[in-house]
Amino acid sequence: MVRTVFRGESISFGYEKHHLILKDVSITIPAQSIYGIIGPAEAGKTTLAKVMLGLEKSTNGTLIWFNERINASTNRRVGYVPYEKALIYDLSVYENVLLFGKLYQYRGKRLKQQVEQALQFVGLWEERKKKASQLSPELTQQLNIACGIVHLPDVIIFDEPIEEMDNQAKSTILSTIRKLHEMGITIIYLSQNVEVIEQLCTHVGIMQHGNLIVQGSMEELLEQHQHRCALVKLTLADTAVELQGELADYKIRELEACTMVVELNDDGEQGMQRIKAILGDRLLQIDMISPQLQQVYASLTDGTA
């Protein structure tokens with residue numbers, strides 16, 4: 001049986017009685033997974049994270065952390081790296097992390113050890129005397145992470161941690177997250193970026209309009225929804241440009257010299273047989289392509305918020 005770190009059942013939340021942000025959400029986070037919660041802006045991702053953390057009180061539902069109802073003890077085992085950085089920019093790097101260590105009741109020698117360990121981990125020990133305001137965006141996010149891990153949590157929730165960063169900074173932050181996962185920490189990663197979710201995560205939950213519409217391991221999700229977004233690669237006897245008009249009823253995803261990738265409109269096998277009938281001996285080979293998360297996501301959400 002797969003161990004879970006969090007189980008939420010029928011979670012609802014709204015600031016107004018008749019306007020719910022979260023609508024009967026049920027979610028299960030397996031232990032030591034990297035669970036990606038993906039959805040458009042205003043889908044409810046950040047609100048769900050805040051309810052899971054107890055920062056907002058659900059209007060309905062059950063929240064179970066580590067087989068206990070959410071309480072002060074379970075909260076100490078969870079770290080949070082918010083999108084809006086919880087830093088005091090007039091304080092030094094060291095003082096910011098120290099402050100968070102104190103919030104978790106660390107004192108004296110143990111507190112100093114925890115702060116140093118967190119700063120060493122994110123590569124900011126040598127920068128510890130600098131004010132937070134002097135850091136680059138990449139290092140500011142690393143400091144944000146240090147504040148979220150100073151209490152050695154078992155689970156860390158990241159909310160859009162690489163938004164608006166350049167590629168090098170994104171790579172550095174994602175590397176830090178992977179290292180945390182390798183240490184046995186469960187990661188919950190909130191994002192609108194499908195490509196990053198697919199590269200990083202072992203499990204996925206897709207949100208839209210305050211609902212969690214599907215969840216599971218990456219492999220399960222792609223397999224279960226393959227029929228919704230089947231793609232085939234066609235190897236052609238003539239150039240793809242000459243033949244694309246023959247497939248006007250289909251969406252052509254890629255077009256190269258003598259190959260094209262086509263999205264099927266119907267059942268995979270039926271669609272392949274129809275294309276064979278249309279192209280005849282001008283079709284040399286047809287191969288099914290395994291779906292990508294982007295295709296599943298688009299088919300389930302229609303790209304809307």
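The values are calculated or read from the model by the stated rules, or taken from the named source; none is laboratory data. Because the structure is a prediction, the values reported are computed rather than measured. All Cβ positions, glycine included, derive from the backbone under ideal geometry; neighbour counts span all protein chains shown.
Which of the residues spanning the range 30-54 are under 19 Å from Y15 (Cβ atoms), at pLDDT 95 or above and either surrounded by fewer than 16 Cβ atoms within 10 Å (Cβ to Cβ) or of a type in the set (D, E, K, R) (or both)?
K45, K50 - these are the residues of the range 30-54 that are under 19 Å from Y15 (Cβ atoms), at pLDDT 95 or above and either surrounded by fewer than 16 Cβ atoms within 10 Å (Cβ to Cβ) or of a type in the set (D, E, K, R) (or both).
What residue, of V241, V194, V204, V261, is of a type in the set (A, V, I, L, M, F, W, C), surrounded by fewer than 18 Cβ atoms within 10 Å (Cβ to Cβ) and either under 19 Å from Y297 (Cβ atoms) or at pLDDT 95 or above (or both)?
Answer to the selection: V261.
Of all the helices (runs of 4 or more DSSP H) wholly in the range 46-135, which have at least 3 residues that are of a type outside the set (S, T, Y) and assigned by TED's automatic domain parsing to the domain that holds S10?
In the range 46-135, 93-103, 108-121 are the helices (runs of 4 or more DSSP H) which contain 3 or more residues that are of a type outside the set (S, T, Y) and assigned by TED's automatic domain parsing to the domain that holds S10.
Restricted to the range 5-24, and to residues that are touching a residue at least 60 places away in the same chain (Cβ under 8 Å) and part of a strand (DSSP E or B), which residue is surrounded by the most Cβ atoms within 10 Å (Cβ to Cβ)?
Here the answer is L22.
Every residue, every condition in (1) out of contact with any Pro (no Cβ under 6 Å at 6 or more places or on another chain); (2) within 20 Å of I289 (Cα to Cα); (3) not aromatic (F, W, Y), yes or no:
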{"site": "M218", "(1), (2), (3)": "yes, yes, yes"}
{"site": "L222", "(1), (2), (3)": "no, yes, yes"}
{"site": "E242", "(1), (2), (3)": "yes, no, yes"}
{"site": "G245", "(1), (2), (3)": "yes, no, yes"}
{"site": "L264", "(1), (2), (3)": "yes, yes, yes"}
{"site": "R274", "(1), (2), (3)": "yes, yes, yes"}
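Could you check the range 104-155 and list, in sequence order, the residues that are within 24 Å of C201 (Cα to Cα), surrounded by 21 or more Cβ atoms within 10 Å (Cβ to Cβ) and not polar (S, T, N, Q)?
Once the filter is applied, which keeps residues that are within 24 Å of C201 (Cα to Cα), surrounded by 21 or more Cβ atoms within 10 Å (Cβ to Cβ) and not polar (S, T, N, Q), the range 104-155 yields A118, V122, L143, I145, A146, C147, G148, I149, V150, V155.
Among the residues of the range 253-262, count how many are part of a strand (DSSP E or B) and in contact with an Asp or Glu (Cβ under 8 Å, 6 or more places away or on another chain).
3
Kindly provide the set of residues from the range 25-37 that are within 16 Å of C201 (Cβ to Cβ) and either outside the structural domain of V194 (by TED's automatic domain parsing) or assigned to a strand (DSSP E or B) (or both), ordered by number.
Passing the criteria: I27, T28, I29, P30, I34, Y35, G36, I37.
Return the residues of the range 279-293 that are surrounded by fewer than 14 Cβ atoms within 10 Å (Cβ to Cβ), modelled with pLDDT of 80 or more and either touching a helix residue (DSSP H, G or I) at 6+ places or on another chain (Cβ under 9 Å) or of a type in the set (A, V, I, L, M) (or both); say none if nothing qualifies.
R282, L284
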